[in-house]
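J.: Before we start, here is the structure in question, set down as structure tokens.
The values are calculated or read from the model by the stated rules, or taken from the named source; none is laboratory data. Bear in mind the structure is a predicted one, so any value in this text is a computation, not a measurement. So basically every Cβ, Gly included, is an ideal-geometry build from the backbone, and we count neighbours across all protein chains shown.
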Amino acid sequence: MDVDAPNTPDMDSSTSSGADYVDGSDTSETAPLTASGPDAPTPSNADSPATKRRGWSPALGAFLSFLWPGLGQLYLRNRRLAAIFAVPSLFVVLLLAYALRRGPVVLAAQLFADRGVGLVTVAIIILFGAWRIASVAQAFRIGHTGSTHEAVNTAVLVTLAAIIAVTHLGGGYYLLAYSDAGTQVFNPGDTHLIVQATPAPSLAPGQSPGPTGTPEPLATVAGDGRVTILFTGTSSGASSNLYDSIMVVSYDPQANSIQMVSVPRDSASFPFYFGGVDNASYKINALPTYVASGHIKSPDAPYTTLIKEIQYLVGVSIDYYAVMDIGGFETMINKVGGIDVVNPYPIDDPSYDWLDGSPYGFSLSAGPHHLDGRTAMAFVRSRHGVGDSDWKRASRQQLVLVALLHKMAQPSEILKLPSLVSTLGASATTDFPADKVADFVALGQDVPSANISQVVLGPPYTITGISNVNAANCLLNDKVAALSIQLFGKDSLWSGQPAPANTCP
């Protein structure tokens, strides 16, 4: 009897070899099988890193790193790179927060006055911009695996990088121009607005050194004591040394107060600090000119003579000076498109000289006006109209200054900043120490309005219409001395001293 052969599977119906299994393992009843043939599905690779990246957007990763360095890397699951880019950025923000601890005005003053701080700030801005671009580009590269939106993604990357480059390079440029202007202003060796000619070798016959209570101008701020600055404005430059604005600004840290005293430019017949009396032919705004020409014999250089004379008349030690070419305001006003002021009273000055060959005369009604640079200068220079005066003109100068500062602070003027500060740098100079500016700006911000005294030495501290000089005024020295004691207390040079004699004709 024949024995049947074992029932073995036919080779044609056998399962595929181990290579046909997804996991490549040996044949088993539980192993998943894959179909063979041209219609068989391909093995799944949904869990591979390449497939995961295809679900991410390189443009979104770049944009997130644009918002904050490292954020795009975090989105793309790379925590190490996210930390590398985020931590230095956080340090920059903390540094900015520390710089702003006393307010943006103080920081602006520090950048303007301190060249070193300005350069370091510009370097940080440029480097931070480069760091942001690196973070954006790196996030884009991680998320980029090729797609049908290649052109769009690339355009996003280029746009973000361009925005960063323009903003950071532009910011660095503005700050550099700002710092450059400060370098010009805080340069005591720059005498383009003053002429420090060789002083007379000795006093003229009959002259004597000034009162013992009149000290030399100080070179540094002494501890926490009073600090006083003489602000002078010239509309003619150093060629003629005519100072149309003369203002003493004194800060008392003990009382946290500020005293401002404007001296009329037309003051004449005043006593000299080195002895003798002006003969009423010379006004105080031209004192440096007379000293430089030799008409007045002074032991000091021309502008130093003016400093010491104002120090003597107002009765407070002057520590520093600041000179501004008022003509520079005209340029600045035109660059900001003019200013808006409210004229407190009508002006009709038929004798006003425009200094450009135009017919004499300037008129302006009371009320609001928009002034261009030329008209604004007439507004602050005119003083011969009916009812007008030198001290009224001083109040108008304050209006123009405030209006100009307000206009410069408008966001629309930001693109004009380099040009504006360059004009300022070319139009002003001071010997005030640059490294003290931010400190005093911070202190000044804390002075309440009630602690600010503003005085113009008009009536009752002066008389008008003295003989010999057209439109000249004469200070009543005893009243000015009493005012000095009232304003400056024990710091007044007339405190405990006999009142000076009046010298008006």
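J.: Return yes when A322 is in a helix (DSSP H, G or I), among the small types (G, A, S) and at pLDDT below 90 and no when it is not.
T.: Answer is no for this residue.
J.: Suppose we keep only residues that are without any contact (Cβ under 8 Å) to a residue 24 or more places away in the chain and surrounded by 18 or more Cβ atoms within 10 Å (Cβ to Cβ) within region 72-84. Which one would you say is farthest from the chain's Cα centre (by Cα)?
T.: Per the stated criteria, the residue is L74.
J.: Does region 351-371 contain any residue that is outside the structural domain of K416 (by TED's automatic domain parsing), under 26 Å from the mean Cα position of the chain (by Cα) and either buried (at least 20 other Cβ atoms within 10 Å of the Cβ) or farther than 17 Å from L405 by Cβ (or both)?
T.: Within region 351-371, one or more residues are outside the structural domain of K416 (by TED's automatic domain parsing), under 26 Å from the mean Cα position of the chain (by Cα) and either buried (at least 20 other Cβ atoms within 10 Å of the Cβ) or farther than 17 Å from L405 by Cβ (or both).
J.: Let me ask something else about it. Only one residue in L119, L107 is within 22 Å of A428 (Cβ to Cβ) and modelled with pLDDT under 85. Which one?
T.: Sole residue among the options that is within 22 Å of A428 (Cβ to Cβ) and modelled with pLDDT under 85: L107.
J.: State which residue pairs qualify: first residue more than 19 Å from D266 (Cβ to Cβ) and inside region 282-311, second residue surrounded by 23 or more Cβ atoms within 10 Å (Cβ to Cβ) and acidic (D, E) in any location, beta carbons under 9 Å apart, and separation of 6 or more residues or different chains.
T.: Pairs found: S298/E309.
J.: Report whether or not T503 is buried (at least 16 other Cβ atoms within 10 Å of the Cβ), over 39 Å from the mean Cα position of the chain (by Cα) and modelled with pLDDT of 85 or more.
T.: yes
J.: Return the residues of region 139-181 that are touching an Asp or Glu at 6+ places or on another chain (Cβ under 9 Å) and exposed (fewer than 15 other Cβ atoms within 10 Å of the Cβ); say none if nothing qualifies. Please lay out each step first, then the result.
T.: Restricting attention to region 139-181, the residues satisfying the condition of being touching an Asp or Glu at 6+ places or on another chain (Cβ under 9 Å) are 144, 179.
If the condition is that a residue be touching an Asp or Glu at 6+ places or on another chain (Cβ under 9 Å) and exposed (fewer than 15 other Cβ atoms within 10 Å of the Cβ), then no residue fits.
Every residue, every condition in (1) of a type in the set (A, V, I, L, M, F, W, C); (2) buried (at least 19 other Cβ atoms within 10 Å of the Cβ); (3) out of contact with any strand residue (DSSP E or B) (no Cβ under 8 Å at 6 or more places or on another chain); (4) under 21 Å from A376 (Cα atoms), yes or no:
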site	(1), (2), (3), (4)
S281	no, no, yes, no
Y303	no, yes, no, no
K308	no, yes, yes, no
V342	yes, no, no, yes
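J.: Tell me yes or no: at least one residue of region 267-286 is assigned to a helix (DSSP H, G or I) and of a type outside the set (G, A, S).
T.: Yes, the conditions are met somewhere in region 267-286.
J.: Search region 213-230 for residues being under 23 Å from F274 (Cβ atoms) and at pLDDT 60 or above, and hand back the single one that is surrounded by the most Cβ atoms within 10 Å (Cβ to Cβ).
T.: To start, the set of residues in region 213-230 that are under 23 Å from F274 (Cβ atoms) comprises 213-219, 228-230.
Next, only the ones that are at pLDDT 60 or above stay: 228-230.
Values: T228: 23, I229: 18, L230: 27.
Ranking the qualifying residues of region 213-230, first place goes to L230.
J.: Determine, yes or no, whether Y251 is within 25 Å of G182 (Cβ to Cβ), out of contact with any Gly (no Cβ under 8 Å at 6 or more places or on another chain), modelled with pLDDT of 90 or more and of a type outside the set (A, V, I, L, M, F, W, C).
T.: no
J.: In addition: Among the candidates V261, V316, which residue alone is in the same structural domain as F432 (by TED's automatic domain parsing), closer than 21 Å to S484 by Cα, at pLDDT 90 or above and not in a loop (DSSP other than H, G, I, E, B)?
T.: V261
J.: Of all residues in region 328-369, which are assigned to a strand (DSSP E or B), charged (D, E, K, R) and more than 19 Å from D390 (Cα to Cα)?
T.: D340
J.: Just the residues that are over 12 Å from K308 (Cβ atoms) and touching an Asp or Glu at 6+ places or on another chain (Cβ under 7 Å), please, taken from region 267-283.
T.: A268, S269, F270, K283, listed by residue number.
J.: For region 253-296, give me each residue that is more than 30 Å from A450 (Cβ to Cβ) and of a type in the set (A, V, I, L, M, F, W, C).
T.: Selection gives A268, F270, F272, F274, V277, A280, I284, A286, L287, V291, A292, I296.
J.: Checking W391 against (1) under 14 Å from V341 (Cα atoms); (2) part of a helix (DSSP H, G or I): exactly one of these is not met. Which one?
T.: (1)
J.: Continuing with this model, one more query. Counting only residues that are closer than 22 Å to Y352 by Cβ and out of contact with any helix residue (DSSP H, G or I) (no Cβ under 9 Å at 6 or more places or on another chain), which one in region 467-482 is modelled with the highest pLDDT?
T.: Among residues in region 467-482 that are closer than 22 Å to Y352 by Cβ and out of contact with any helix residue (DSSP H, G or I) (no Cβ under 9 Å at 6 or more places or on another chain), the one modelled with the highest pLDDT is A472.
J.: Among the listed residues V87, V93, V136, identify the single one that is surrounded by fewer than 19 Cβ atoms within 10 Å (Cβ to Cβ), over 26 Å from the mean Cα position of the chain (by Cα) and either assigned to a helix (DSSP H, G or I) or among the β-branched types (V, I, T) (or both).
T.: Going through V87, V93, V136 in turn, the sole match is V87.
J.: Give me a count of the residues in region 411-440 that are modelled with pLDDT under 75 and not small (G, A, S).
T.: Taking region 411-440 as the starting set, the residues that turn out to be modelled with pLDDT under 75 are 411-426.
In the following step, the residues that additionally are not small (G, A, S) were identified as 411, 413-418, 420-421, 423-424.
So the count comes out to 11.
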